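Here is the structure we will look at.
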Amino acid sequence: MIGFLQFTHLLNRYKQKLPQQQPREDLAQIIATHFASKWQRPIAAHSLAAFESIRGRIESSSQSLVIDSCCGTGDSTRNLAAALPDSLVLGIDKSSHRLARHRDIVEQNYLMLRADVNDFWRLALEARWQPTQHYLFYPNPYPKASQIRKRWYGSPAFPTLLGLGGQLTVRSNWSIYIQEFVLALNAVGFDSHSRQVTGEKPVSAFEAKYQERGDTLFELVCDFDQTKPC
Ligand SMILES: C[S@@+](CC[C@H](N)C(=O)[O-])C[C@H]1O[C@@H](n2cnc3c(N)ncnc32)[C@H](O)[C@@H]1O
């Protein structure tokens, strides 16, 4: 026979392994912590080298900058470049394996880079880059409650992501991710709009996969240049 305390402990451990069922109540607190302190993690030398390798191309361009963060195979980067011919689209992903699967390069107005956005965003902010649009298609959800600090809105990178400005679009097949992202933005004074994505041509490889298996897809859009923090 196990005692009550042991049972509660086992139940809590079991719950931690399940996907989170609703937004966490301490979300605003987690975000406040990240905004209250400067992120100390050093920038890796390879991130700086990656940043410097494209800096000239970006900074000498007269086209508006669009960032496709965590672009995976870069299908979305190519699709954005086709849809936004007057912009320069930068796809970034840390996985060389995914980037190597990029295909059908037709558009001239995009480039893809291997880099960790945790570093890249800080370097771009420091260099005062001002993307007009920033996309995050299907970021890794990290669905266990204990993984909240790995999700972009719960991570120390969140203030930098916001600092880059522009219009942020996030898509996910996990409704809690979008709900919490909306709440996270709200906690620092930004309004956003969310909707279900239906009947659209898939923009990215993961979107194609999720559409094929019939997942419900969600999007949020937040314009940092129009709504101001309170
Ligand atoms: C679920 S996939 C989505 C890929 C793509 N956006 C799509 O919709 O097909 C998530 C991607 O995020 C990338 N990623 C995760 N953490 C990253 C980081 N810190 N910096 C850059 N890329 C990252 C992974 O390598 C992976 O390609």
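We did not get these values from a lab; they are worked out from the coordinates using the rules stated. Please read all numbers here as calculations on a predicted model, not as lab measurements. Reconstructed Cβ throughout: ideal geometry from the backbone, glycine too, with neighbour counts over all protein chains shown.
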What number of lysine-lysine pairs in segment 23-223 show an alpha-carbon separation below 27 angstrom, given a sequence spacing of 8 or more or placement on distinct chains? 10
If the viscosity is 1.306 mPa s and the temperature 10 °C, what translational diffusion coefficient in µm²/s does Stokes-Einstein give for segment 23-223 when Rh comes from Kirkwood over Cα pairs? 92
With charges only on Cβ, +1 for K and R and -1 for D and E, what is the dipole size of the chain about its Cα centre, in debye, rounded to 20? 860
Segment 23-223 - share of DSSP beta bridges that are antiparallel (%, nearest 5): 35
Could you point to the residue in Pro143, Thr160, Ser192 farthest towards the positive end of segment 121-214's charge dipole, with +1 and -1 charges on the Cβ of Lys/Arg and Asp/Glu respectively? Pro143
Pairs of Cα atoms under 8 Å, at least six residues apart: use those to get the relative contact order of segment 47-170, whole percent. 27
Report, in degrees rounded to the nearest 10, the 0 to 90 angle that the Cα long axis of helix 117-126 makes with the longest principal axis of the chain. 60
Taking Cα atoms only, helix 175-187 is inclined relative to the longest principal axis of the chain by an angle, in degrees rounded to 10, of 80
Along Cα→Cβ, 7 Å out, is where each label goes; now give me the distance between the ones at Gln167 and Ala208 in nm to one decimal. 2.6
Suppose R0 equals 22 Å. What FRET efficiency, 1/(1 + (r/R0)^6) with r the Cβ-Cβ distance, do Gln108 and Val221 give to the nearest 0.05? 0.25
Calculated from backbone phi, Karplus (6.51, -1.76, 1.60) coupling profile of segment 49-55 in Hz, x at Gly/Pro: 4, 5, 4, 5, 5, 10, 4
For a quick check: with amide H placed at 1.01 Å from N, whose amide H comes under 5 Å from Asp68's, ignoring anything fewer than 5 positions away on the same chain? Leu90, Gly91, Ile92, Tyr135
Per DSSP, loop trypsin sites (Lys or Arg not before Pro) in segment 135-230 with at most 14 further Cβ within 10 Å: Arg213
How much length, in nm to one decimal, is gained on full extension between Ser64 and Asp26, taken as 0.36 nm per residue of separation minus their Cα-Cα distance? 10.0 nm
